[in-house]
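Coordinate-derived values only; no laboratory data. Since the model is a prediction, treat every value here as computed from it, not as a measurement. Note: ideal-geometry Cβ built from the backbone for every residue, glycine included; neighbour counts use all protein chains shown.
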Amino acid sequence: MRLHEYQSKRIFAEYGVPIPQGDVARSAEEARQIADRLGKPVVIKAQVLVGGRGKAGGILLARDPAEAEVMAERILGMEIKGLTVGKVLVDEAADIVQEIYLGVVIDRAAGRPVMMASSEGGVDIEEVARLTPERIVKVTVDPFLGLREYQARELAFGIGLSRAYLRDFVRIARGLYAAFLGSDATLAEINPLVITAAGELLALDGKMIIDDNALFRHPDLAELRDLAEEDPYEQEARLFGLSYVRLDGEIGCMVNGAGLAMATMDLTKLYGGAPANFLDIGGGAKAEKVAAALRIILSDENVKAVLFNIFGGITRCDEVARGILAALEEVKPQVPMVARLVGTNEEEGRALLAGADMVTAETLAEAAQKAVALAQGRMA
Amino acid sequence: MSILVDKDTRLLVQGITGREGQFHTRQMLEYGTQVVAGVTPGKGGEWVAGVPVFDTVREAVAATGPNTAIIYVPARFAPDAMYEAADAGIELVVCITEGIPVLDMVRVKAYLQAKGTRLIGPNCPGVITPGEAKVGIMPGHIHIPGPVGVVSRSGTLTYEVVHALTMAGLGQSTAVGIGGDPVIGSTFVDILALFEDDPLTDYVVLIGEIGGTDEERAAEFIAAEMSKPVVAFIAGRTAPPGKRMGHAGAIIEGGTGTAAEKIAAFEKVGVRVASRPDEIPELIRELG
């Protein structure tokens with residue numbers, strides 16, 4: 001679960017990381033009031049869960065409250081990468097002398113958190129990693145020791161930070177690591193961490209991704225989920241315990257298992273079509289769940305054919321077939337469908353579907369070819 | 001031989017009295033696996049399918065001498081189950097559980113490594129040596145014994161590939177599901193090394209997917225350390241960046257972890273990459 005900038009920075013502040021004064025506004029009028037209260041020039045920042053807000057015109061400077069209202073008006077309602085801006089963060093503007101990057105992620109290869117710092121702050125860190133990897137300094141954290149002070153010092157010296165800021169930097173690095181750990185994050189970053197003209201370190205921008213699997217022990221963080229930022233169908237899928245991602249092709253896919261679901265998508269492409277979605281119905285396949293999955297797939301108007309690919313293991317094919325039949329009763333799709341059932345009780349499953357208005361296939365390749373042909377109107 | 005599990009495996013089932021634990025205990029017994037004990041705290045003294053249940057792993061170890069544990073407990077209790085197995089001296093732990101927080105796995109992995117306990121998973125289908133032992137949730141009947149080692153990050157996609165191998169008359173030495181999470185106990189490289197040393201494995205099939213760089217490191221390892229031929233399949237060529245594809249670990253982040261990069265890494269070291277699961281048997285046949 002990705003958090004907004006203002007949510008991330010508030011969490012950082014709880015762990016002692018200094019952030020600019022500011023607040024969130026949902027209207028231009030509120031933005032003016034916040035700017036008035038702060039009594040100094042402000043930055044108005046669109047709060048949407050995508051990168052590249054600055055380039056899209058979603059971050060503007062305002063000298064006074066009147067200008068803050070105008071700028072907020074301009075940003076609110078703006079579309080950035082398909083998301084409508086519903087909130088802006090109004091922060092005191094900082095007088096920036098230097099921009100640094102500081103972040104913690106899980107290093108999958110090491111199986112441990114790694115903290116990274118770079119003198120190239122304020123830009124996309126992945127770009128820095130690609131073009132000038134030598135500008136990034138890393139320390140791997142032992143999960144039983146946590147981030148040690150010497151490691152934070154190594155980062156500071158590694159990026160050539162002036163000694164005057166060493167103590168503050170170490171405090172901020174340890175605070176960021178504590179925020180990462182305390183929130184069960186998979187990423188926590190400050191970009192940029194700035195040195196101001198007044199000689200202070202300040203977390204100007206922040207980003208956090210919280211581990212969905214850990215939300216059960218963070219009810220407060222779970223409440224931060226911004227439903228307005230999520231695809232409504234992906235939300236509905238989550239309620240039914242389905243894993244669904246909408247794509248832009250024309251073949252709806254319903255598969256058991258994530259790896260097999262991806263392989264099924266790939267095969268539609270191999271045979272000249274394109275997948276409309278990723279959908280893993282998971283283990284078991286009760287009628288209610290299959291019906292929900294089918295409804296979600298068909299809610300996408302681009303879908304021209306539906307492909308069911310079930311490899312029965314512990315999940316029995318006859319049980320899935322019954323689920324499909326019940327779902328068809330309820331949903332009554334208007335597009336052609338291809339079903340491929342293999343594994344435990346496959347004969348019973350296929351017999352059940354024989355009466356339904358469905359094309360059947362023996363292999364995954366055959367099923368994908370048939371679905372593509374049907375979607376393209378090449379097969380009756 | 002084969003790797004990890006065989007007819008001499010003495011298995012302990014953690015979470016044996018739960019719905020999943022009971023069901024799969026019966027399935028594993030039917031397959032011929034020696035299930036010697038189960039553990040569910042507070043249910044010591046009960047029996048499941050003729051298997052004695054203990055309150056703690058330590059008691060189960062003292063009474064029945066298992067060398068391998070399989071874990072079917074819910075995500076919030078699974079880390080504790082893994083620590084308990086390691087502290088009781090179990091050599092191999094297979095964790096089926098899905099949904100364990102990644103920072104818990106960071107600590108579990110570090111702790112088990114220090115103890116010298118090998119971990120497979122979590123979020124995996126387990127390990128099977130056809131005809132000898134099934135330690136997992138995979139359908140046993142699709143497997144036949146033979147010379148192909150299989151290692152995969154997926155569940156049902158592995159069954160699909162195994163099914164294709166079996167249909168083509170290519171049996172499996174051992175099939176290992178290493179799991180779909182970002183932090184897992186054993187990686188491709190760990191399992192490839194075991195297959196390289198296993199006299200009963202002549203070929204290896206590696207089934208990867210988007211996310212992370214485990215496949216890239218496997219490609220390097222194959223080039224530097226392996227004499228046995230490897231055929232690969234990578235799922236997720238059509239997956240978009242930034243979206244998690246079901247598995248917690250299947251996500252293209254910061255432009256890395258794409259299927260194209262992984263396929264290129266394998267092809268660069270001469271590993272053939274199948275474009276469809278059912279092309280894998282053909283590619284193995286072509287190896288001779």
Here, A:Glu126 and B:Glu46, labelled 7 Å along Cα→Cβ, have an inter-label distance in nm of 4.8
Quick shape check on chain A: root eigenvalues a ≥ b ≥ c of the Cα gyration tensor, a/c under 1.5 is rounded, otherwise prolate if a/b tops b/c, else oblate, and it reads prolate
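Nearest-5 percent of antiparallel DSSP beta bridges in chain B?
20
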Reachable lysines from A:Lys45, criterion Cα separation under 22 angstrom, eight or more residues apart if same chain = A:Lys9, A:Lys55, A:Lys81, A:Lys87, A:Lys207
With a sphere of radius 12 Å drawn around the Cβ of B:Val53, what net charge do the other residues whose Cβ falls strictly inside it have (Lys, Arg +1; Asp, Glu -1)?
-> -2
Taking one equal scatterer on every alpha-carbon of chain B, how large is log10 of I(q)/I(0) by Debye at q = 0.11, 0.12 1/Å?
-> -0.60, -0.71
Are there GluC sites (Glu not before Pro) in the range A:228-311 that DSSP marks as loop and that have at most 15 other Cβ atoms within 10 Å, and which are they?
-> A:Glu230, A:Glu301
Could you state, as a whole-number percent, how many of the C-alpha pairs of the range B:175-288 are farther apart than 18 Å?
-> 49
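Pairs of Cα atoms under 8 Å, at least six residues apart: use those to get the relative contact order of chain B, whole percent.
It comes to 15 percent, rounded to a whole number.
Rounded to the nearest 500 deg cm²/dmol, what is the calculated helix-only ellipticity per residue at 222 nm for chain B, with -39500 (n - 2.57) per DSSP H run of length n ≥ 4? Mind showing how you got there, number by number?
On the way: 9 runs with 96 residues, N = 288.
Value at 222 nm, helices only: -10000 deg cm²/dmol.
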Reachable aspartates and glutamates from B:Lys268, Cα under 19 Å, same-chain residues fewer than 8 places away excluded?
-> B:Glu209, B:Asp214, B:Glu215, B:Glu216, B:Glu220, B:Glu225, B:Glu286
For chain A, what's the relative contact order in percent, using C-alpha pairs closer than 8 Å and at least 6 residues apart?
-> 12
Along the charge dipole of the range B:78-185, Cβ charges K/R +1 and D/E -1, which of B:Gln172, B:Val183, B:Cys95 sits furthest on the positive end?
-> B:Gln172
For the range B:60-122 versus the range A:8-84, the gap between their alpha-carbon centres in whole angstrom | 47
Using a simple spin-label model with points 7 Å from Cα along the Cα→Cβ vector, what separation in nm is obtained for A:Ser299 and A:Glu362?
-> 3.8
Under 12 Å, Cβ to Cβ, from A:Ala62 - net charge with Lys/Arg +1 and Asp/Glu -1 | -2
Given just the C-alpha atoms of the range A:41-137, how large is their convex hull per residue in cubic angstrom?
-> 125
Note, A:Leu76: beta-carbon cut-off 14 Å, +1 each Lys/Arg, -1 each Asp/Glu, net +1
Taking the simple approach of a point 7 Å from Cα along Cα-to-Cβ for both A:Glu229 and B:Leu287, what is their distance in nm?
-> 4.5
Summing -39500 (n - 2.57) over every DSSP H run of at least 4 in chain A, dividing by its residue total and rounding to the nearest 500, the 222 nm mean residue ellipticity is -11000 deg cm²/dmol
